[in-house]
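Structure, as structure tokens:
The values are calculated or read from the model by the stated rules, or taken from the named source; none is laboratory data. As the structure is a prediction and not an experimental result, all values here were calculated from the model. With ideal geometry, Cβ positions are generated from the backbone for all residues, glycine too; neighbour counts draw on all protein chains shown.
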Amino acid sequence: MQAQPYIPGTKPADAGPLSRFIPPLEEGCVARWLSLHAPMGSWLLDPFGFAPRLVLEAARSGYRVLVTVNNPITRFLLEIAANPPTEADFKAALAELETAKKGEERLGAHLQSLYQTKCQKCEREIQVDYFLWRKDEDAPYARVYACPLCNDSGERLVTEQDIARAKQIAATDGLHRSRAFERVAKLDDDDRFYAEEAIQHYLPRPLYFLTTVINRMDGLNLAPERKRALSALILVACDAGNTLWDHPSTRPRPKQLNIPNQFREHNLWTQLERGLSLWTETGSPVEIEAWPQRIPESGGVCVYEGRLKELAHEVKKEIPIAAVIGSLPRPNQAFWTLSALWAGWLWGREAVEPYKVALRRRRYDWAWNATALHAAFAHLFELLPLGTPFFGLMPEPEPQFLTSALTAASAAGFDLKSLALRTEHDPIQILWNRGEHLKREANEQDISVVREAIHAHLTERGEPASYLHVLAAGTIALAEAHALKKKNQEFDEAMRATNALIQSTLSENELFIHYSSSEGIETGVWGADLSPRSEPRSAESLSDRVEVAIVTFLQKNPNSIYLEIEDDLYPQFPGLLTPSKAMIYAVLDSYAAREGASLKLRAEDVASARRSERETIIPMLELVGKRLGYATSLVEKNHVWEENNSIQFAFYVLASALVGRAIAETPYSPEQTILVIPGGRASLIAYKASRDPALAERLKNYRLLKYRLLRAMLEVPVLTRETFEEQIASDPLEKSKSQMMMF
């Protein structure tokens, strides 16, 4: 396999509707990949349809994209984003809803009254932003508001009136809940139980709000565009109305229908108003048609409402697919179940019928995911010509997800060509080619293949890596050896075998070192034993090489923007070596100054300035050494202080944060050695130590002296050996640059 560079993109300017359920992808990377691998105007296929923005990006880049979508909500997101109603239509639709009658009052006034509360300071009636609930309680315990009358704001305890209103609405909950069920499943439908279970994730007030609004929408005589616009606004309220807010901060993207111990009940009228800005800021017209209508060569989207299996033969006959793109789906019981509910509420039971399986299924494990992915890959194999590329993005990656995808693709006959991984927080970029039609013989798994692959990666990296990285290295080796799954072997068994092999490789081999406070194999980071008896350590760690590469680029290209730095950097560190954004920013924070969007080396970090400064540091060391009564001399790269022909201190002067290189080039003991660094490098060295436990352990035995502290010592009238030692100890890496000297 040839390691390809990671393709950088940019975060969307706005999150967009239902963003907590839609794959978090950067914009631009698919368009950049296509520009190198498929001629404009050619046909592309997205067999999953899970990421509307990915499809639209390809279409806007001049490609014709055929996308299969069986989730009615995802299809609606795609259609609205491709062909958005105007802002005027959104405003008019909301205005018509607001002015509709509810008895003798306007519907908007009635719905807003549901969220009235009394300001604690001025005691006037205002709108609450949201109520706070505890799981299994029958009333909220707090409210959050911003009073427009007296500017009081924040979290306050609920009033008796707030509690009474919540209980009053709950008293009629059965009727509204029944209406909500009826829109999803008939009374005698076997799936009614699952619909009832899913609707339990809505409190009485938001459920009353939503059923009232949806029933009234059906009765309004809206033009088609305005009805689409109002449906889009209501969808935002449907998402805001459930009890999954706020999901634990450690996992802000819910995958299961689990009610948190504490959660928010949003003001759904303000969420309708919020939806207007969400939709109008994300839409941009693209030609879109339903299959089998055709789209122009200039680009567009053709939507097939169904599964790839049903489309495969038609596509093979009629459309030459140049490439496949797609965001690989991962199990999300929460979104899939809620999608079935929302589709029924917005468009009736008929819209839910093809998607009812989402209501029935409660558990999605990784073996299920691999089986489903394999079915899609197998259909793709039959309809694609030999060698057709498939560029897949894997958002929110984790070890089991990666094993699932690589096993499914390999078993279906797709050859892995490259895999680029940045961090577990970024999408993995995978390139497959449709392989030979002849069925390949699966090989037995060989632990030595996995061991060599992982050790080679860690050696090349020169520093520890996450479990996801080492698992990727081992799984890639198994994929290349066609050893991920045997013929007729169940996916569950195959994945267990792969995971067990990699885990035993790591835990039962002294070549690998686990740096973690927990025994869990997926925690912490893994390093390789790079002692003399094993392979020699890479000349420098990955973070050191990244530092050199960034500084070199900025020296040659002043006033560059961040994306230009990434474009230069990633080809130098492809595949599993892709540096994280945090690593890049740590280097930039140490070396660069920002002027608007442009970055350039700070004046003191230009090569000539650093050389000049370094040349002044040596005489300073000599002066301080002589004042303390030592004989000073330069021995190769170290400035040494001696007493009675015995070396007391050896100073290694750096202009960079390449402390690993400095330690390697210093022949003296850690107790004798002092690394002399610019103050601006301290935070970068601390960052490197925080991500590399092996480096942190080595640095514990070395002392660091910052340039500014050395200069300050020269200004001290009385400097003794004791105060010299005290000053070095008083200014560690973690101290701020403004730390005052104490003598």
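Restricting attention to region 237-255, does a residue exist that is assigned to a helix (DSSP H, G or I), of a type in the set (Phe, Trp, Tyr) and over 30 Å from Leu383 (Cα atoms)?
Checked region 237-255: no residue is assigned to a helix (DSSP H, G or I), of a type in the set (Phe, Trp, Tyr) and over 30 Å from Leu383 (Cα atoms).
If you check Glu441, Glu424, Glu396, which single one turns out to be more than 26 Å from the chain's Cα centre (by Cα), of a type outside the set (Val, Ile, Thr) and assigned to a loop (DSSP other than H, G, I, E, B)? Please lay out each step first, then the result.
Details: Glu424 fails: more than 26 Å from the chain's Cα centre (by Cα); Glu396 fails: more than 26 Å from the chain's Cα centre (by Cα).
That would be Glu441, the only listed residue that is more than 26 Å from the chain's Cα centre (by Cα), of a type outside the set (Val, Ile, Thr) and assigned to a loop (DSSP other than H, G, I, E, B).
List the number of the failed condition for Glu98; all other conditions in (1) without any contact (Cβ under 8 Å) to a residue 40 or more places away in the chain; (2) within 30 Å of Pro260 (Cβ to Cβ); (3) among the charged types (D, E, K, R); (4) buried (at least 16 other Cβ atoms within 10 Å of the Cβ) hold.
The failed condition is (2).
Mind checking which residues of region 147-182 are more than 29 Å from Glu197 (Cβ to Cβ) and acidic (Asp, Glu)?
Scanning region 147-182 gives Asp152, Glu155, Glu160.
Identify, by number, the condition in (1) in contact with a strand residue (DSSP E or B) (Cβ under 6 Å, 6 or more places away or on another chain); (2) over 24 Å from Gln262 (Cα atoms) that Ser178 doesn't meet.
All conditions are met except number (1).
Just the residues that are aliphatic (A, V, I, L, M), over 20 Å from Ile617 (Cβ atoms) and either free of Cβ contacts under 8 Å to residues at least 12 places away in the same chain or touching a helix residue (DSSP H, G or I) at 6+ places or on another chain (Cβ under 7 Å) (or both), please, taken from region 680-717.
The first filter runs over region 680-717 and keeps only residues aliphatic (A, V, I, L, M), leaving 682, 684-686, 689, 694-696, 699, 704-705, 709-710, 712-714, 716.
From what's left, over 20 Å from Ile617 (Cβ atoms): 686, 689, 694-696, 699.
Passing the criteria: Ala689, Leu695, Ala696, Leu699.
Would you be able to say whether some residue in region 548-563 is β-branched (Val, Ile, Thr), assigned to a loop (DSSP other than H, G, I, E, B) and outside the structural domain of Ala655 (by TED's automatic domain parsing)? Give the steps one after another, and end with the answer.
Here is the first cut: in region 548-563, the ones β-branched (Val, Ile, Thr) are 548, 550-552, 561.
Those left that are additionally assigned to a loop (DSSP other than H, G, I, E, B): 561.
With the extra rule that they be outside the structural domain of Ala655 (by TED's automatic domain parsing), the set shrinks to 561.
Checked region 548-563: at least one residue is β-branched (Val, Ile, Thr), assigned to a loop (DSSP other than H, G, I, E, B) and outside the structural domain of Ala655 (by TED's automatic domain parsing).
Being of a type outside the set (Ser, Thr, Tyr) and either modelled with pLDDT under 95 or not in a loop (DSSP other than H, G, I, E, B) (or both) narrows it down to one of Pro85, Pro5, Pro39, so name that one.
Answer to the check: Pro85.
Residues checked against (1) in a helix (DSSP H, G or I); (2) closer than 24 Å to Ala232 by Cα; (3) modelled with pLDDT of 95 or more; (4) hydrophobic (A, V, I, L, M, F, W, C):
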residue: Lys91; (1), (2), (3), (4): yes, yes, yes, no
residue: Gly108; (1), (2), (3), (4): yes, yes, yes, no
residue: Leu132; (1), (2), (3), (4): no, no, yes, yes
residue: Asp136; (1), (2), (3), (4): no, no, no, no
residue: Pro140; (1), (2), (3), (4): no, no, yes, no
residue: Arg156; (1), (2), (3), (4): no, no, yes, no
residue: Gln161; (1), (2), (3), (4): yes, no, yes, no
residue: Gly174; (1), (2), (3), (4): yes, no, no, no
residue: Ser178; (1), (2), (3), (4): yes, yes, no, no
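Can you work out which of the residues in region 183-198 that are touching a residue at least 12 places away in the same chain (Cβ under 8 Å) and not aliphatic (A, V, I, L, M) is surrounded by the fewest Cβ atoms within 10 Å (Cβ to Cβ)? Steps first, answer last, please.
We begin by selecting, within region 183-198, every residue touching a residue at least 12 places away in the same chain (Cβ under 8 Å); these are 183-186, 191, 194-196, 198.
Going one step further and asking which of them are not aliphatic (A, V, I, L, M), we end up with 183, 186, 191, 194, 196.
On the way: Arg183: 21, Lys186: 11, Asp191: 18, Tyr194: 21, Glu196: 15.
Within region 183-198, the match that is surrounded by the fewest Cβ atoms within 10 Å (Cβ to Cβ) is Lys186.
I need the full set of residues from region 395-410 which are in contact with a helix residue (DSSP H, G or I) (Cβ under 8 Å, 6 or more places away or on another chain) and surrounded by fewer than 24 Cβ atoms within 10 Å (Cβ to Cβ), in order please. Before you say what the answer is, go through the steps one by one.
Applying the first criterion (in contact with a helix residue (DSSP H, G or I) (Cβ under 8 Å, 6 or more places away or on another chain)) to region 395-410 yields 397-410.
Passing the criteria: Pro397, Glu398, Pro399, Gln400, Phe401, Leu402.
For region 51-68, enumerate the residues that are in a loop (DSSP other than H, G, I, E, B) and buried (at least 24 other Cβ atoms within 10 Å of the Cβ).
Across region 51-68, the qualifying residues are Ala51, Tyr63.
Name the residues in region 185-208 that are within 30 Å of Leu132 (Cβ to Cβ) and either in a loop (DSSP other than H, G, I, E, B) or among the hydroxyl-bearing types (Ser, Thr, Tyr) (or both), would you? Outline the logic, then answer.
Of the residues in region 185-208, the ones within 30 Å of Leu132 (Cβ to Cβ) are 194-208.
Listed by number, the residues that qualify are Tyr194, Gln200, His201, Tyr202, Leu203, Tyr208.
Can you name every residue in region 556-572 that is within 17 Å of Ala593 (Cβ to Cβ) and acidic (Asp, Glu)?
Glu564
Give the residues of region 482-493 that are of a type in the set (A, V, I, L, M, F, W, C) and out of contact with any helix residue (DSSP H, G or I) (no Cβ under 6 Å at 6 or more places or on another chain), sorted by residue number.
Selection gives Ala483 alone.
Kindly indicate the residue of region 309-360 that is out of contact with any helix residue (DSSP H, G or I) (no Cβ under 7 Å at 6 or more places or on another chain) and among the basic types (Lys, Arg) and also surrounded by the fewest Cβ atoms within 10 Å (Cβ to Cβ) among those meeting that condition.
Filtering first and then ranking leaves Lys317.
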